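These notes are about the structure you will find just below.
Every read-out reported here was derived from the displayed coordinates using simple, explicitly stated rules and does not represent laboratory data. A quick note: this is a predicted structure, and the numbers were derived from the prediction, not measured. Using ideal geometry, Cβ is built from the backbone for each residue, glycine included, and neighbour counts are taken over all protein chains shown.
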Amino acid sequence: MPNKNPNKAIYGRFFLANASKVEITPEYIIPMPQFLIDFARISTEAVIEGKGDFARLWNISEWEAFHFVGFEDVLRRLKI
């Protein structure tokens, strides 16, 4: 379905355009493009969250400030 909110559309295009397909090496290393490491402000540690074939790479402090802690938090953030 088309997104009629221009701000959401710009946000979505920005993140989808910067997505990268990576493959885990036999040593279970996930090679990350340098521009993603720089964008996420990753130094030595990161959080990877996702499901299926989709994942997000986070700076730990930003992930801790953003992640949902429970169902009530999800509702509050969605303003339901």
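Points to keep in mind about this one:
- For R56, distant residues with modelled amide H under 5 Å away: E49, G50
- Evaluating 6.51 cos²θ - 1.76 cosθ + 1.60 at θ = phi - 60° for every residue in region 20-36, the Karplus couplings come out as 9, 8, 10, 10, 6, 6, x, 8, 6, 9, 9, x, 10, x, 4, 5, 6 Hz, glycine and proline recorded as x.
- Near H67, once Lys and Arg are set to +1 and Asp and Glu to -1 for all other residues with Cβ below 11 Å from its Cβ, the sum equals -2.
- Charge dipole of the chain about the Cα centre (unit charges at C-beta), most positive-ward option of N5, Q34, F66: N5
- Between helix 6-17 and the chain there is an angle of about 10 degrees, using the helix long axis and the longest principal axis of the Cα atoms.
- Counting only Cβ charges, +1 for Lys and Arg and -1 for Asp and Glu, the dipole size of region 6-78 around its Cα centre is about 420 debye.
- Taking Cα Rg over 2.2 N^0.38 Å as calculated from this structure, the corresponding entry among (1) 1.57; (2) 1.09; (3) 1.30 is (3).
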